[in-house]
1. If you stretched the chain out fully between E330 and L363, how much longer would it get, using 0.36 nm times the residue separation minus the C-alpha to C-alpha distance?
2. Kindly list the residues of the stretch 65-93 that lie in the label zone of W374, defined by a backbone N under 19 Å from the point 7 Å along the Cα-to-C-beta vector.
3. Computing the accessible area with a 1.4 Å probe over protein heavy atoms, can you report the carbon and sulfur percentage for the stretch 29-120?
4. Expected output is a single nm value to one decimal: the length gained when fully extending between L163 and L62, i.e. 0.36 nm times separation in residues minus the C-alpha distance. What is it?
5. Once you keep just the Cα pairs under 8 angstrom separated by 6 or more residues, what percentage relative contact order results for the stretch 74-210?
6. Return the sequence-ordered ³J(HN,Hα) values of the stretch 148-157 in whole Hz as given by the Karplus equation 6.51 cos²θ - 1.76 cosθ + 1.60 applied to θ = phi - 60°, using x for Gly and Pro.
7. Assuming R0 = 35 Å, can you tell me the calculated FRET efficiency for the pair R425 and I120, based on Cβ-Cβ distance, to the nearest 0.05?
8. May I ask for the Kirkwood hydrodynamic radius of the stretch 94-209, worked out over all distinct Cα pairs and given in angstroms to one decimal?
Amino acid sequence: MSSITTDMDMAAPGRAGAPPNVRAIRGELRVLAVAAVTMIIFCALQLLAILRLTGTQGIAPLLLTSYRVLDVMVVLTFLIYCRPLLRMRFEDVLLIVFATYPMLIGLGRGQLTFTYFNDIAIYWLFLAKIVIFRTVLRRVDDVAGIDAAFARHARRIVFFSGLFAVLALAWALLLVGAGVRFLYQAPAEIIFASGYVLAKGHVLAYTGFVVLALLAGKRMVMVGVIGMGLLASLANGRIRRATLKILPVALVLVPVVFVLLPMIAGIESPILNRLILTFERVQSAYASSGDFLEFLMRIDPARFAEYVSLRPHLTGWQLAFGNGFGFRYELDAAFWSYIGYEDKGDITNAHFTPLAIVAKFGLLGLALWLMVLWRAFFAPINKASFLQQAGRLALFGAVLESLFAFGFFISVFVPFYIALTTMGRARPHVPEQRRRGMLSRLMPGSRAVRRA
């Protein structure tokens, strides 16, 4: 928490030489500092997710509760220091509608279970954080520029994202070596880190995150990270040129890591096996599927089982407005047995996020969600702002990841991405010497300033 103390001290009232405009945003700077800490803790909590994969009971509820506690920390910090400054926009009204009518539907259907209240917490805190972050970022940008104010926090998030991803990978490999049987994965939260280093033009660091995503065995994280790189290369000539320079190294490094090293060590590579299985499924599905639904079934039968199980619950008004908060459904027992899985009981969401949204919010909710995403992707941003560029890239990666993993509304990062991309044009990134002067006013006496 020392980093929070330093940031809070930087604009304390009465500090000699602190300009009035900087003192005016001391509350917003506290919110950003607390938000950065919650993001780092969120990355650390992914280490516990491996226990869930090994069958340890109670880990999923513990993680979900921990994530919401992190959200509450941000909201409470804002309410204490910045409450009168809250500003709403039209897209926020859409989100309020998005989070209100499923609550009423769930209440009317008598779905007053733990899931009902958990859904309220997830979606209302998600909405609250978007408004809070946008308000805070806009205020900070008006005074100091968000790139200058958040640079140190961003570097720390990048560092700890990489550190915890490496630790998760090491833990997963140790479990494999110890003979623990589980679906190999090493959960890691590296979307923001990948987007930030890409926006800064650090293609070599981005390549390291791509390798981590591949080694982790989280296929949708891998798709998200690689998709961000492709988008950045298409949109930015500097990144495209740097990517072309690093591509030969990557083409050599990937086969060495995934094929040669396991062969030399004489060990089985769970990462390589998982990727090969995915490739073979896609190849087989493309060759033998008669339609798109059959293609999806062959690629991922477990995800397709969720679709089959939800179909009876998506008719008439339920298709239009959803089943509301607290909705749970049983996986189709016959189909689940057909694909060789054991009964899991009832569940609350689908991994395919658009389908999960339709189940609880209906087609109306899906339309509102798409409108918010459209606004986030096409709202004007300052292309000279590294942080806004990182936010847009990371949001793109999060959307790709959400296609087969329900994490969009769970992650503490996503509201920050949406706020960054909808706050308007940020100040241009200031040159290094001007940034040092700005940070020295924001954080007088800080060691970070002397290293900047």
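1. Details: separation 33, 0.36 × 33 = 11.88 nm, distance 2.12 nm.
The E330-L363 span can extend by a further 9.8 nm.
2. What the label zone holds, given the 19 Å backbone N cut-off, is 89-93.
3. Details: 3120 of 4330 Å².
Carbon-and-sulfur percentage of accessible area, whole number: 72.
4. On the way: separation 101, 0.36 × 101 = 36.36 nm, distance 2.23 nm.
Difference between extended and current length: 34.1 nm.
5. Details: 65 pairs, mean separation 27.8, N = 137.
That works out to 20 percent.
6. Taking θ as phi minus 60°, the curve returns 5, 6, 9, 4, 5, 4, 4, 4, 5, 4 Hz for the stretch 148-157.
7. Values: r = 34 Å, r/R0 = 0.98.
Taking R0 as 35 Å, the efficiency between R425 and I120 is 0.55.
8. Working: mean 1/r = 0.0554 Å⁻¹.
For the stretch 94-209, inverting the mean 1/r across all distinct Cα pairs yields 18.1 Å.
The values are calculated or read from the model by the stated rules, or taken from the named source; none is laboratory data. On a predicted model such as this, the values are computed, not experimentally measured, just so you know. Please note: Cβ atoms are built from the backbone with ideal geometry, for glycine as well, and neighbour counts cover all protein chains shown. The accessibility values were calculated without ligands, DNA or RNA, using every heavy atom of the protein model including side chains. Shrake-Rupley method; radii C 1.70, N 1.55, O 1.52, S 1.80 Å.
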